[in-house]
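The values are calculated or read from the model by the stated rules, or taken from the named source; none is laboratory data. Quick caveat: nothing in here was measured; it's all calculated off a predicted structure. Cβ sites come from the backbone with ideal geometry, for glycine too, and all protein chains shown count toward neighbours. Only protein heavy atoms, including side chains, enter the accessible area calculation; ligands, DNA and RNA are left aside. Shrake-Rupley method; radii C 1.70, N 1.55, O 1.52, S 1.80 Å.
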Amino acid sequence: GLGQPIADGLKSFLKEDFTPAHVNKFFFLLAPSLVMVPALLTCAVLPFGRDVLLPGMDEPLRLAIADLDIGPIWIFAIASLGVYGIVLAGWASNSKYAFLGALRSTAQMVSYEIAMGFAIIGVLILAGSLNLREIVLAQQGGLLDWYWLPLLPLFAIYVISGVAETNRAPFDVAEGESEIVAGFHVEYAGSGFAIFFLAEYANMILISALTALMFCGGWLSPFEGIPVIGDTFLGAGSIFWFLAKTVFFMYLFLWWRATFPRYRYDQIMRLGWKVLVPITIFWVMATAAMSVLGLVTRGS
């Protein structure tokens, strides 16, 4: 069964790419790219390992395509462009079902972006930096020194918002088959549908990687500082730990899809605006107060 995903992917791209006659063809074909490209661009600023000093080099090589000092801002700015692709897909399809799915998905993504943004502010307060590499290095010391512990409510809200942001179950009302057929991509077939499908999983990987970097120490080992284990491979920070943490959060996406029933749309919006946003605002202010009073350790 390991080859089944590859076979499904090839089958999707080899299928007939049917374009209905009633659609706005230019925007209909443009929409999948507007969803996929931002999902890939955001990965450019993710650091995935500690600096490596190669032979013949004076300075260590940083394992990131682009080491930006405004990494989280870049990610939010670029990732938010994906909403335009969803809106265009629903509008250009010239279908009531597709347009309704696009409106649902857009409202949901915009709503939960606010909670995600406030959750990240708590991390930035503790790290004292907007550089993702420095945010990871500020969590050195071991499992209990990572930001998931002092920012536990923000950590939980960030993960929940990440699931809602990617329209995954139990927040997949944009694709509620029993209500609106298949959401904003109901008129797409072949490669167009496959690109939407791949973009959703690319965003899942992005959310999982960001969770690992900002709340769980990135490539740092949970055994760092332990006398015996800390001196072994398991105690050394490496790309292995970053990948292991990312895969763990991706597994949670799949686990929750098979566990929880789908929320109603009004429940999703109520959860975002009346529960998660107020909690994040309160905890950000509490984190700022604790940082000023020295009750929590702050990075450089």
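Could you give the DSSP H helices of the chain that reach 18 angstrom or more along their long axis (alpha carbon positions) and whose average Kyte-Doolittle hydropathy is no lower than 1.6?
Helix filter hits for the chain: 25-41, 152-165, 191-215, 277-293.
Give me the three principal axis extents of the stretch 1-133 from the C-alpha atoms, as integers in angstrom, largest value leading.
So the extents along the principal axes, rounded to whole Å, are 59, 37, 31.
Can you give the Kirkwood hydrodynamic radius for the chain, in Å, rounded to one decimal and based on Cα pairs?
20.5
Show me, bin by bin at 5 Å from 0, the whole-percent P(r) of the stretch 57-174 based on Cα pairs.
Pair shares across the bins are 2, 10, 16, 17, 16, 13, 10, 7, 5, 2, 1, 0, 0.
Please give the direction-averaged projected area of the C-alpha convex hull for the stretch 103-223, in square nanometres with one decimal.
Averaged projected area of the stretch 103-223's Cα convex hull equals 8.5 nm².
Can you tell me which of 115-127, 29-41 comes out highest on packing, and rank the rest after it, using the mean Cβ neighbours within 10 Å?
115-127, 29-41
Pull out a ≥ b ≥ c, the square roots of the eigenvalues of the alpha-carbon gyration tensor of the stretch 1-71, then state rounded if a/c is under 1.5, prolate if not and a/b is larger than b/c, and oblate in the remaining case.
Note, shape of the stretch 1-71 comes out oblate.
Determine the sum of side-chain charges near VAL277: Lys and Arg each +1, Asp and Glu each -1, restricted to other residues whose C-beta is under 13 angstrom from that of VAL277.
Overall, the nearby charge balance is +1.
Starting from the Cα gyration tensor of the stretch 110-159, take the square roots of the eigenvalues, sort them a ≥ b ≥ c, and report rounded, prolate or oblate (rounded when a/c is under 1.5, otherwise prolate if a/b is larger than b/c, else oblate).
oblate
Could you report the chain's accessible area per residue, 1.4 Å probe, as an integer in Å²?
So the chain comes to 50 Å² accessible per residue, rounded to a whole number.
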